[in-house]
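The values are calculated or read from the model by the stated rules, or taken from the named source; none is laboratory data. Fair warning: this is a prediction, and the values are worked out from it, not measured in the lab. No Cβ is skipped: glycine too gets one built from the backbone with ideal geometry, and neighbour counts run over all protein chains shown.
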Amino acid sequence: MAEIIRAGGNAASFEADVSLDINAKGLIDFAVSEFGRIDVLVNNAGLAAGRPLIEIDADHVNTQTALNIAGVLFASKHATIAFGDAGGSIINISSHDRHSGRERTLVLHQIFT
């Protein structure tokens, strides 16, 4: 951020667990309050805690699913509302971590993207 500001740009940060709808809304509301509008949303939050398939439990699945699926949907929903009639763009970024070659490892976010 400092480099952007030094170069004459505007930058702000906001930390949020976007797997919760209220936090995703807060993130979008913050961006609109800081910059006046939102034109583009980049969904880049994700959890790639790969582990051996035989070690996956319900907590791991629920945490990963909440962030990698619900987070994208919640942020996209609130950005779409903020875009209004002017429209906007949503960019979803995923990983290619599944190509890491880890033996007997399942990276769940690759199943859902």
Within segment 72-91, residues surrounded by 11 or more Cβ atoms within 10 Å (Cβ to Cβ) and either of a type in the set (Asp, Glu) or touching a helix residue (DSSP H, G or I) at 6+ places or on another chain (Cβ under 6 Å) (or both) come out as Phe74, Ala75, His78, Ala79, Ala82, Ile90
Yes or no: Ile69 closer than 17 Å to Ala16 by Cα and within 12 Å of the chain's Cα centre (by Cα)?
yes
Residues (of a type in the set (Val, Ile, Thr) and either in a loop (DSSP other than H, G, I, E, B) or surrounded by 12 or more Cβ atoms within 10 Å (Cβ to Cβ) (or both)) located in segment 1-21
Val18
If you take the residues of segment 41-51 that are outside any loop (DSSP other than H, G, I, E, B) and buried (at least 17 other Cβ atoms within 10 Å of the Cβ), which of them is nearest to the chain's Cα centre (by Cα)?
Asn43
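Here is a yes/no grid of residues against (1) at pLDDT below 80; (2) over 20 Å from Gly26 (Cβ atoms):
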residue	(1), (2)
Arg51	yes, yes
His60	no, yes
His78	no, no
Gly84	no, no
Gly88	no, no
Ile93	no, yes
Ser100	yes, yes
Glu103	yes, yes
Gln110	yes, yes
If Ser33 meets every condition in (1) of a type in the set (Gly, Ala, Ser); (2) part of a helix (DSSP H, G or I); (3) under 12 Å from the mean Cα position of the chain (by Cα) apart from one, which number is that one?
(3)
Exactly one of Ile69, Ile38 is modelled with pLDDT under 95, surrounded by 14 or more Cβ atoms within 10 Å (Cβ to Cβ) and outside any helix (DSSP H, G or I), and that one is Ile38
